[in-house]
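The values are calculated or read from the model by the stated rules, or taken from the named source; none is laboratory data. Just so you know, these numbers come straight off a predicted model, no measurement behind them. Neighbour counts are summed over all protein chains in view; Cβ atoms, including those assigned to glycine, are modelled from backbone coordinates with ideal geometry.
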Amino acid sequence: QERLRKELKYFFMNPCQKFKLRKRKPFKLTIQICKIAFVTIQLVIFGQHNQNRVAFMDDNISVFRNNLMNNESRLYTKDEVYSKINFLRQQYVKLKNSSVGIYGYLQEQPTTDCPDAHPSLASFDSDKLIGSNYMTPPIYMCVDQYMQPQLDCFYFRLINLDLKFGVRTVWMKNPGSLYDTDCYNVYIQVKLNNQDHAGIIEESISSQFALSPCRETQPKKIFFIVFLFLDAFIIVTCCMSIVLCTRSVWRAQRLRRSFERFFEKQHERRLSWWSKLEFVNGWYLLIIISDILTILGSIIKMALQLQWHGTVNYDACSLFLGVGCLCVWVGVLRYVGYFHQYNILVLTLKKAMPHVLRFMVCASLLYLGYMFCGWVVLGPYHHKFRTPVVASEALFSLINGDDMYMTFEEMAKTINNIMSPDKTIIYLYTFISLFIYVVLSLFIAVIMETYETIQEWQIDGSPPQSEMQKFISEGADNDVEFNFNSDQYCCCCL
């Protein structure tokens, strides 16, 4: 019994208490501090590069929109459809020579059945870096056949007409850039939308960028090795963190089984479910999740640097590194909570979370009711309620007091001649009054009540204890100050 008490007591000590008792160095804390520093540096470097990459892609999309699209975004007659296809063909042919960017043509498969159309195969000495094999683009759009009157009968069946083009471009970095040159295959799609069959065909353009190896190998910069070493170091650090946290989780479950057997034998009843949860350290689980995400993101980042194209992409790397860094910073709250002056946020969130979740369930029922009502009643007439998602965004903005006057003004102008404006005003006023003056006030009151309770516990020093806490407190030694569960009762002070 005394041995079990000592094991439980030592396990639930924080690093400060363990160091005072056995002079044990906080290895997990040291690893977390190193990891948060290097992961943040990695994220800043990658984030800046990713922003520049997205800016490069946006600029290219503007080039395609300016060269391939004219001012007309809606087509009303058949002649306009034929003219549009002819215009796209001509602009695509002139793209390489007319644009100031670095572009080449890709060999694409035909997108329409044109038996008399043959692509031009005239090869030329293209730029070695881009590696384009075609001076004249491979055109498979037999525009002359579109002008034949016998094709007019297909318009009532036409839903979408997709025109696809392929170009190749290169992202030339500045001399002072830390990264090497990247080559992209760009797949452009012009969509003529006739889904509504309302006599109007709407056109839109989209493009997809895919990394591809450059034909001419460029010399690697010195920063290439530095970035690979940083990624490898972070992967090793995260692996060590996973091993240490997993070991702590396993030890906690081993102690739980021992204490559960002792409790059943001593009190002839099973240990409560909430007492069992005290052996599950959510901070360790969060750190393990962050380590896994960071390892995956670092592996993808290394693959991108090594130009393993076609297997990974920047979006997946951004997702893993971003969420992993978020979990790393949130996990540091565990160690900040050891200090009495800074742990009030962690304690309040931990104590108030069950009450907040129950309150959010009730509030969400009211919110969903207003959302669906606004979508059905106001959606056909007002752009802020056009879809359920847009309606939810508009109502959430009203809760926070954003764009409130403009919503009332636009509502009056849009619905004045269609339906009674009094109904819309009643809808908006009841929603704003209910959620701002009632729901938000009650939400704040729930959190404030928990905050005041935590303050009373810290002042009185007598918080409620579970069965395990009482068992440990019965044999508390006097050689070192110990307060069970450092997330609740801190012994470290600045």
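Go through the stretch 54-87 and give me each residue that's in contact with a helix residue (DSSP H, G or I) (Cβ under 7 Å, 6 or more places away or on another chain) and closer than 15 Å to residue 161 by Cα.
75, 78, 82, 85, 86 - these are the residues of the stretch 54-87 that are in contact with a helix residue (DSSP H, G or I) (Cβ under 7 Å, 6 or more places away or on another chain) and closer than 15 Å to residue 161 by Cα.
Does the stretch 167-185 contain any residue that is of a type in the set (S, T, N, Q), at pLDDT 85 or above and under 25 Å from residue 91 (Cα atoms)? Can you show your working first?
To start, the set of residues in the stretch 167-185 that are of a type in the set (S, T, N, Q) comprises 169, 174, 177, 181, 185.
So of that shortlist, the ones also at pLDDT 85 or above come out as 169, 185.
Checking the rest, the ones that are also under 25 Å from residue 91 (Cα atoms) come to 169, 185.
Within the stretch 167-185, one or more residues are of a type in the set (S, T, N, Q), at pLDDT 85 or above and under 25 Å from residue 91 (Cα atoms).
Taking the condition of being surrounded by 12 or more Cβ atoms within 10 Å (Cβ to Cβ) and either outside any loop (DSSP other than H, G, I, E, B) or modelled with pLDDT of 90 or more (or both), how many residues in the stretch 361-382 meet it?
So the count comes out to 13.
Checking residue 480 against (1) modelled with pLDDT of 85 or more; (2) within 30 Å of residue 350 (Cα to Cα): exactly one of these is not met. Which one?
Among (1) modelled with pLDDT of 85 or more; (2) within 30 Å of residue 350 (Cα to Cα), the lone unmet condition for residue 480 is (1).
Scan the stretch 266-276 residue by residue and report those that are in contact with a helix residue (DSSP H, G or I) (Cβ under 7 Å, 6 or more places away or on another chain) and either surrounded by 15 or more Cβ atoms within 10 Å (Cβ to Cβ) or among the acidic types (Asp, Glu) (or both).
271, 275, 276
Among 43, 68, which is the only one that is modelled with pLDDT under 85 and not assigned by TED's automatic domain parsing to the domain that holds residue 172? Step through it out loud before you land on a result.
Working: 43 fails: modelled with pLDDT under 85.
Checking each option against the conditions leaves just 68.
Within the stretch 312-325, track down each residue that is touching a Leu at 6+ places or on another chain (Cβ under 9 Å), small (Gly, Ala, Ser) and either farther than 23 Å from residue 211 by Cβ or surrounded by fewer than 19 Cβ atoms within 10 Å (Cβ to Cβ) (or both). Steps first, answer last, please.
Looking only at the stretch 312-325, we keep the residues that are touching a Leu at 6+ places or on another chain (Cβ under 9 Å), and these are 312-314, 316-317, 319-325.
Then drop every residue that is not small (Gly, Ala, Ser), which leaves 316, 322, 324.
316, 322 - these are the residues of the stretch 312-325 that are touching a Leu at 6+ places or on another chain (Cβ under 9 Å), small (Gly, Ala, Ser) and either farther than 23 Å from residue 211 by Cβ or surrounded by fewer than 19 Cβ atoms within 10 Å (Cβ to Cβ) (or both).
Among the helices (runs of 4 or more DSSP H) contained in the stretch 3-109, which hold 3 or more residues that are surrounded by fewer than 16 Cβ atoms within 10 Å (Cβ to Cβ) and not charged (D, E, K, R)? Outline the logic, then answer.
Details: elements: 15-22, 27-68, 78-98.
Correct list: 27-68, 78-98.
Considering the stretch 326-346 alone, what residues qualify as being closer than 17 Å to residue 456 by Cα and surrounded by fewer than 20 Cβ atoms within 10 Å (Cβ to Cβ)?
Taking the stretch 326-346 and keeping what is closer than 17 Å to residue 456 by Cα, we get 340-346.
Once the filter is applied, which keeps residues that are closer than 17 Å to residue 456 by Cα and surrounded by fewer than 20 Cβ atoms within 10 Å (Cβ to Cβ), the stretch 326-346 yields 340, 341, 342, 344, 345, 346.
Can you pull out every residue in the stretch 357-388 that is of a type in the set (Phe, Trp, Tyr) and closer than 17 Å to residue 424 by Cα? Walk me through it before giving the result.
Initial filter on the stretch 357-388 (of a type in the set (Phe, Trp, Tyr)): 359, 367, 370, 372, 375, 381, 385.
Answer for the stretch 357-388, where residues must be of a type in the set (Phe, Trp, Tyr) and closer than 17 Å to residue 424 by Cα: 367, 370, 372, 375, 381, 385.
Would you pick out the residues in the stretch 254-265 that are surrounded by fewer than 12 Cβ atoms within 10 Å (Cβ to Cβ) and either touching a residue at least 24 places away in the same chain (Cβ under 8 Å) or outside the structural domain of residue 11 (by TED's automatic domain parsing) (or both)?
none
Would you check which residues across the stretch 204-219 are within 25 Å of residue 60 (Cβ to Cβ) and at pLDDT below 85 and list them?
Just the residues of the stretch 204-219 that are within 25 Å of residue 60 (Cβ to Cβ), to begin with: 204-218.
Within the stretch 204-219, 210, 211, 212, 213, 214, 215, 216, 217, 218 qualify.
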